[in-house]
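Participant: I have a structure I would like to understand better, so I am pasting it below and will then ask my questions one at a time.
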Amino acid sequence: MDTQSYLPVQPGVGMEENFLSLDDILLSHERLPVRTECAFPRLGFLEKSSDAQDIPEGTKMELPLWLSKGLYEKKRRVLSVELPKVYREGWRTVFNADPNVVDLHKMGPYYYGLGSQMLHFDSPENPEIGQTLLQTFIGRFRRTMDSSQNAYNEDTSALVERLDCLEKTLFKSGQSGLNGFQSWEKGQASQLTASSLVLNYRKRKMTDVQP
Amino acid sequence: MDPSEVEFLAEKEIVKIIPNFSLDKVYLIGGDLGPFNPGLPVDVPVWLALNLKQRQKCRIVPPAWMDVEKLEEMRDLERKEEAFTPVPSPYYMELTKLLLNYASDNIPKADEIRTLVKDIWDTRVAKLRLSADSFISQMEAHAKLDNLTLMEINTIRAFLLDSLNCMYKLRSNLQPGSSKGQFTDY
């Protein structure tokens, strides 16, 4: 019985982000290595490493995803975005070899989301990046399914810590299915229990009176 | 869907009882419930059987499949076959739980039956997970699942649908230009 009182907006997993989704908003704060193709006058304060007034052409700096996406345009050549380490050739071979070994939370908690957004920037390696994302997801699916469907009433932090945010949502929905079934089987589904909101508010005087 | 909702649907199944009171035929919207005479078996839905049992007005007769030898055969068959075998009843899990909770004195060897049904359930759920995994890893478009009960589908539904959604979106990344301008309604 875990229907929520509101439905949070899920992240858009593909190339389109959902404007209202909190996960996508947090995702767009990830920084990308970027090379400027033209000068940015009077914006020197954005780059911490040098004290110049302007940013000259050809500087390498880091900009968040929302800014890079807005400034990127194929024709006007304002920016050119480089792929972060995790999506390059070296790491891609690691993922293709064995997706289960990698700690995706350390690689950037939004591996799948950021990878899908990188496809906007028209890098020549786009097809391979897309393939690697898909294959990694498929490879890790089995382990996520097994761990979410079998861990009942245990501390799951050890299982969850190596998962990316997308996989964490999947894990949670698997857990909710399992918990619902187990609590039904134990007979707890038909017992009336106090709502957690009421208990947390701590205004129930009846429970203080009754032993 | 909640497990409680599946249990509610399961309570429509018919079971045989032996009442100890007498009552004329009752005409309900869902159907007629035949005249009740003490000592004579009559078919009623499970919700009525449980209610009468709690008021100590009847004795429940276990259904034909709720028998130790038959369940052992089904369990061994389930373990041998790779596909899903036909179930004793489309609501076997719910009926086992309800009948064994409320009427265990009318059912011989209740504990063994509970263990056997749990074994059958575990085998089927393991097969379900295996087929879900091969469904995703080979990226097939559809799968045929005979002989699955609603309760089993219900436990895996949320997880499988969410992961298939993710996989669809990751796959649409590979075809540029097909995913522009999709808006969902809230």
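The values are calculated or read from the model by the stated rules, or taken from the named source; none is laboratory data. A quick note: this is a predicted structure, and the numbers were derived from the prediction, not measured. Cβ: placed from backbone, ideal geometry, glycine included. Neighbour counts: every protein chain shown. Ligands, DNA and RNA are excluded from the accessible area calculation, which covers all protein heavy atoms including side chains. Shrake-Rupley method; radii C 1.70, N 1.55, O 1.52, S 1.80 Å.
Participant: Can you list the HN-Hα couplings for region A:102-110, worked out from phi with the Karplus curve (6.51, -1.76, 1.60; θ = phi - 60°), rounded to whole Hz and with x for Gly and Pro?
Facilitator: 6, 8, 6, 6, 6, 6, x, x, 10
Participant: If packing is taken as the mean number of other Cβ atoms within 10 Å per residue, what is the order of A:139-150, B:100-111, highest first?
Facilitator: In decreasing order of mean packing, A:139-150, B:100-111 become A:139-150, B:100-111.
Participant: Using a Gaussian network model of chain A whose springs link C-alpha atoms within less than 10 Å, name the residue from A:SER157, A:SER195, A:SER173 with the highest mean-square fluctuation.
Facilitator: Taking springs between Cα atoms under 10 Å, the residue moving most is A:SER195.
Participant: So if I take the centroid of the Cα atoms in region A:94-171 and the same for region B:81-131, what is the distance between those two points in Å?
Facilitator: So the separation of the two Cα centres works out to 35 Å.
Participant: Moving on to the next point. Take peptide B:33-46, look around each residue's Cβ out to 10 angstrom, count Cβ atoms belonging to other protein chains, and average those counts.
Facilitator: The shielding value for this peptide is 0.
Participant: Still on this structure: Run through region A:1-106 and list the chymotrypsin sites (Phe, Trp or Tyr not before Pro) located in a DSSP loop whose Cβ has at most 11 other Cβ atoms within 10 Å.
Facilitator: Sparse-neighbourhood loop chymotrypsin sites (Phe, Trp or Tyr not before Pro): A:TYR6, A:PHE19.
Participant: With chain B treated as a Gaussian network of Cα nodes joined by springs under 10 Å, which of B:PRO35, B:PRO19, B:PRO88 yields the largest mean-square fluctuation?
Facilitator: Most flexible of the set in this elastic network: B:PRO35.
Participant: Pop out the ³J(HN,Hα) list for region A:28-43 in order, Karplus 6.51 cos²θ - 1.76 cosθ + 1.60 with θ = phi - 60°, rounded to Hz; leave Gly and Pro as x.
Facilitator: Residue by residue, region A:28-43 yields 6, 8, 5, 8, 10, x, 9, 10, 7, 9, 9, 6, 10, x, 6, 10 Hz.
Participant: Still on this model: Give the aspartates and glutamates whose C-alpha is closer than 15 Å to that of A:LYS75, dropping any in the same chain fewer than 8 places away, or say none.
Facilitator: Qualifying aspartates and glutamates at Cα under 15 Å: A:GLU37, A:ASP122.
Participant: Follow-up question, since we're still on this one. Based on the Cβ-Cβ distance of A:THR93 and B:MET139, what FRET efficiency does E = 1/(1 + (r/R0)^6) give at R0 = 22 Å, to the nearest 0.05?
Facilitator: 0.55
Participant: Okay, next question. Out of the trypsin sites (Lys or Arg not before Pro) in region A:9-101, which ones are loop residues according to DSSP with at most 16 other C-beta atoms within 10 Å?
Facilitator: A:ARG42, A:LYS48, A:LYS74, A:LYS75, A:ARG76, A:ARG77, A:ARG88
Participant: Sticking with this structure for a sec: Find me the longest stretch of chain B that has none of the exposed GluC sites (Glu not before Pro), where exposed means in a DSSP loop (not H, G, I, E or B) with at most 10 other Cβ atoms within 10 Å.
Facilitator: My reading of the result: B:1-81 is the longest stretch.
Participant: Longest span of chain A, sites excluded, free of GluC sites (Glu not before Pro) in DSSP loop with at most 16 other C-beta atoms within 10 Å?
Facilitator: Here the longest run is A:162-211.
Participant: Given charges of +1 on the Cβ of Lys and Arg and -1 on the Cβ of Asp and Glu, with all other atoms neutral, how large is the dipole of the protein assembly as shown about its Cα centre, in debye to the nearest 20?
Facilitator: For this selection, approximately 680 debye.
Participant: Using DSSP to define loop residues, name the trypsin sites (Lys or Arg not before Pro) in region B:1-93 whose beta-carbon has at most 15 other beta-carbon atoms within 10 Å.
Facilitator: Passing sites in region B:1-93 are B:LYS12, B:LYS25, B:ARG55, B:LYS57.
Participant: Give A:LYS106/B:LYS169; A:LYS85/B:LYS169; B:LYS53/B:LYS127 a once-over and call out the pairs whose C-alpha atoms are over 32 Å from each other.
Facilitator: Violating the 32 Å limit, Cα to Cα: B:LYS53/B:LYS127.
Participant: Name the residue from A:VAL34, A:GLY70, A:SER173 whose Cα lies farthest towards the positive end of the charge dipole of chain A, charges +1 on Cβ of Lys and Arg and -1 on Cβ of Asp and Glu.
Facilitator: A:SER173
Participant: With +1 assigned to the C-beta of every Lys and Arg and -1 to the C-beta of every Asp and Glu, and no other charges, what is the dipole magnitude of region B:87-150 about the Cα centre in debye, to the nearest 20?
Facilitator: Around 40 debye, computed over region B:87-150.
Participant: What is the average number of partner chain Cβ atoms found within 10 Å of a Cβ in A:124-135?
Facilitator: 3
Participant: Another question, if that's okay. How big a patch of accessible area, both sides summed and in Å² to the nearest 100, lies buried between A and B at a 1.4 Å probe?
Facilitator: For A against B, buried area totals roughly 3300 Å².
Participant: Another question, if that's okay. Using a 1.4 Å probe, what is the accessible area per residue for the protein assembly as shown, in Å²?
Facilitator: In whole numbers, the protein assembly as shown has 60 Å² accessible per residue.
Participant: Suppose a student asked you for the relative contact order of chain A, using Cα pairs under 8 Å spaced at least 6 residues apart; what percent would you report?
Facilitator: 17 percent
Participant: Then there is this: Given springs between every Cα pair under 10 Å in a Gaussian network model of chain A, which of A:GLN175, A:GLN117, A:GLN53 has the largest fluctuation?
Facilitator: Largest GNM mean-square fluctuation: A:GLN53.
Participant: How many Cβ atoms of partner chains, on average, are near each residue of A:176-182 if near means within 10 Å of its Cβ?
Facilitator: For this peptide, the per-residue mean of nearby foreign Cβ atoms is 5.
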